[in-house]
Amino acid sequence: MNYPVVLVNFRVPVPLKDEFEDACKRLHMPMTAQVNLLMREFVHRQKKARSTFHDPHEPISFYNGMDDAL
């Protein structure tokens, strides 16, 4: 199934980008594929978190370190 795609630009510290690029090369994985995977995982976790009741004054699990281990 093909979905329309959009170009997304964002700023990343140079050392982080370089390490990310090297890690992706070692895994023979395009950086775009890995970023898409990370985004899908984040969205999935947030949908899961929303489906359970949480205190509205508590930070979402992604930010408070209480999310599931990768």
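The values are calculated or read from the model by the stated rules, or taken from the named source; none is laboratory data. Keep in mind that what you see is a predicted model, and the values were worked out from it rather than measured. For neighbour counting, all protein chains shown are included, and Cβ atoms are generated from backbone atoms with ideal geometry for every residue, glycine included. Ligands, DNA and RNA are excluded from the accessible area calculation, which covers all protein heavy atoms including side chains. Shrake-Rupley method; radii C 1.70, N 1.55, O 1.52, S 1.80 Å.
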At most 11 other Cβ within 10 Å, DSSP loop - trypsin sites (Lys or Arg not before Pro), segment 1-36: ARG11
Under a 1.4 Å probe, counting only protein heavy atoms, VAL43 has an accessible area in Å², nearest 10, of 70 Å²
Under a point spin-label approximation (7 Å from Cα along Cα-to-Cβ), what is the PHE42-VAL6 distance to one decimal in nm? 1.4 nm
